[in-house]
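Read the structure below first, then the notes.
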């Protein structure tokens, strides 16, 4: 991508999108195309098609999605599958119609089977059942990967899917019911500290292992991939299994390559926030997948690795929470 390339960033206001905007601008990309949800509803097929026909971007980064933690996924499964399928279908199809040069579709590590071998390799996609609490969201994202794969095979497009691990950082969602684990814990421990509470209760047993990546690192990886020379980028476009006999989706993992337990995570968050009380665990609540660690060897081989450690990133995320909440 040249600095003046016309790049459409779908979903520029969320945790992922704001990080991508910062990274693109810092790298000198100045022809960035964005629309708020009020300006363009990505679930509206006619509106999306009209937008692409008028603007005709050269590159597309699809970061727009309906997202949430275990509770949100369990409460709104119909909305999660419908909205995400609609967004993906409209954007990917319209990108093909206007001959977008490259498209990067952002998914989630929940696309992998619940009990897949660890660490998770890209070829483990579709090899076993998914975690039921977020299956509607995961299936929508898998459909997006398959759509990229199918368009690459049929139309010769150059669409690739990126699967980040659990993300956190500036611009995160700190809603008490609908947030992911790190922002939820930051809010819980901060409110407990302010209230002088003697303890904080965390959902689940604390034993599941999770990997976390600072959002600005994720954005840097995405821009790195979009800027690869053609010969290196084209390796990511997937294999036509019917011809090659090789199952390899147009998919690449983005993560730290290391994980920790939720119990260990809670201790780190408490220390960063300054909460000194007891941490307890509600084992009546679901744990989700026992472990989700990404194999990032393909990404490392392409010359990128994460730079922000968990404690450093947590400090930056907490500072953002304080600024956002006015605390």
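Things to note:
- GNM remark for the chain: springs join alpha carbons under 10 Å apart, and the peak mean-square fluctuation among 43, 75, 34 falls on 75.
- From the alpha carbon centroid of the stretch 191-258 to that of the stretch 153-190 is 9 Å.
- Inter-site label distance for residue 150 and residue 56 at 7 Å from Cα along Cβ, in nm: 2.8 nm
- Candidates 48, 268, 246, ranked by Gaussian network fluctuation over the chain, Cα under 10 Å, top entry: 246
- Extents of the stretch 67-147, taken as max minus min of Cα coordinates on every principal axis and listed largest first, are 39, 29, 16 Å.
- Alpha-carbon Rg/Rh ratio, for the stretch 108-180, with Rh computed the Kirkwood way: 1.03
- FRET E, pair residue 322, residue 301, Förster distance 41 Å, beta-carbon r, rounded to 0.05: 0.60
- Relative contact order (%) - criterion: Cα under 8 Å, at least six apart; region: the stretch 1-151: 24 percent
- Taking Cα atoms only, the orientation of helix 215-226 departs from the longest principal axis of the chain by about 20 degrees.
- If you plug the beta carbon distance of residue 45 and residue 195 into 1/(1 + (r/R0)^6) with R0 = 45 Å, you get a FRET efficiency near 0.40.
- Whether the stretch 1-122 is rounded, prolate or oblate, judged on the alpha carbon gyration tensor where a/c under 1.5 counts as rounded: prolate
- Applying 1/(1 + (r/R0)^6) with R0 = 45 Å to the Cβ-Cβ distance of residue 284 and residue 258 gives a FRET efficiency near 0.90.
- Counted over the stretch 123-239 with a bin width of 5 Å, the fraction of Cα pairs per bin, in whole percents, is 2, 8, 13, 16, 18, 15, 10, 7, 5, 3, 2, 1, 0.
- Helix 45-55 axis versus longest C-alpha principal axis of the chain: approximately 70°, rounded to the nearest ten.
- Relative contact order of the stretch 115-211, defined on C-alpha pairs under 8 angstrom at six or more residues apart (%): 14 percent
- Label-to-label distance for residue 97 and residue 123 is 3.7 nm, based on points extended 7 Å past Cα in the beta-carbon direction.
- The stretch 187-327 shape via C-alpha gyration tensor axes, a/c threshold 1.5: prolate
- Across the chain, the relative contact order, built from alpha-carbon pairs under 8 Å that are at least six residues apart, equals 20 percent.
- Size of the stretch 249-327 as Cα extents on the principal axes (Å, biggest first): 44, 34, 18
- Most mobile of 137, 76, 174 in a GNM of the chain (Cα contacts under 10 Å): 76
- Over the residues of the chain, the helix contribution to mean residue ellipticity at 222 nm works out to -13000 deg cm²/dmol, using -39500 (n - 2.57) for each DSSP H run of at least 4.
- Gyration tensor (alpha-carbon) shape descriptor, the stretch 4-57, a/c threshold 1.5: oblate
Coordinate-derived values only; no laboratory data. Quantities reported herein were computed from a predicted structural model and do not represent experimental measurements. Here the Cβ is made from the backbone with ideal geometry for all residues, glycine too, and neighbour counts use every protein chain on show.
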